[in-house]
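Undergrad: One structure follows; several queries about it will come next.
Bear in mind that the values in this text are calculations on the coordinates, not laboratory data. Bear in mind the structure is a predicted one, so any value in this text is a computation, not a measurement. Backbone-built Cβ (ideal geometry, glycine too); neighbour counts: all protein chains shown.
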Amino acid sequence: MPLEVLIGIGFAALVALALALRKLVEWISFPCQFCEAKVRPFRKVDTETQEAILRYFRDHERREAPRKELFVCLNCKTVHDDFSGEKQSWDSDRFGGVTFCKVCHAAMYGCNPKNDDIKCSRCETPYAWQVHEPSGFRFLMPPKGTAVLKSSRGYIDA
Ligand SMILES: [Zn+2]
Ligand SMILES: [Zn+2]
């Protein structure tokens with residue numbers, strides 16, 4: 001095989017490897033849709049912060065959120081939970097503001113912080129980006145006491 005061909009194959013392999021690595025890095029750490037800082041998996045934040053975040057889910061949504069599916073932006077103090085589009089379709093929707101309704105799991109678009117009129121078009125549950133005290137973190141909240149699904153798992157294609 002001529003040397004040029006070998007070099008060509010080697011180069012193509014390197015490019016493929018670089019692309020695969022980039023994909024992997026993105027998968028492990030995708031950017032926050034609000035401030036574009038990298039978000040951290042829940043287990044990578046300190047215990048105090050973890051407790052504060054879990055308290056929100058217990059107090060406000062009355063559920064144990066799946067910890068593996070929570071991502072935290074420490075830069076703008078936002079929690080992206082298991083219903084956020086970032087978690088479920090991060091290849092195609094990095095900044096689209098898609099979130100799945102916590103009541104009926106319909107996709108909701110335009111769930112960005114500037115939108116103060118977020119409402120599920122199927123079940124009409126209103127949502128708002130609000131800061132939860134005392135954690136100080138921002139969550140996309142349904143009204144307190146709303147009966148929500150236990151988790152987003154199993155509803156991905158609904
Ligand atoms: Zn952020
Ligand atoms: Zn709904």
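Undergrad: Taking a threshold of 25 Å on the Cα-Cα distance, which of the pairs Lys38/Lys119; Lys44/Lys114; Lys77/Lys144; Lys77/Lys114; Lys68/Lys102 fall above it?
TA: Lys38/Lys119; Lys44/Lys114
Undergrad: Assuming R0 = 22 Å, what is the FRET efficiency of Ser151 and Lys114, from their Cβ-Cβ distance, to the nearest 0.05?
TA: Step by step, r from the Cβ atoms, then E = 0.20.
Undergrad: Note the full-extension length gain between Glu124 and Ala16 as 0.36 nm times their separation in residues minus their Cα-Cα distance, in nm to one decimal.
TA: Result: 34.4 nm gained on full extension.
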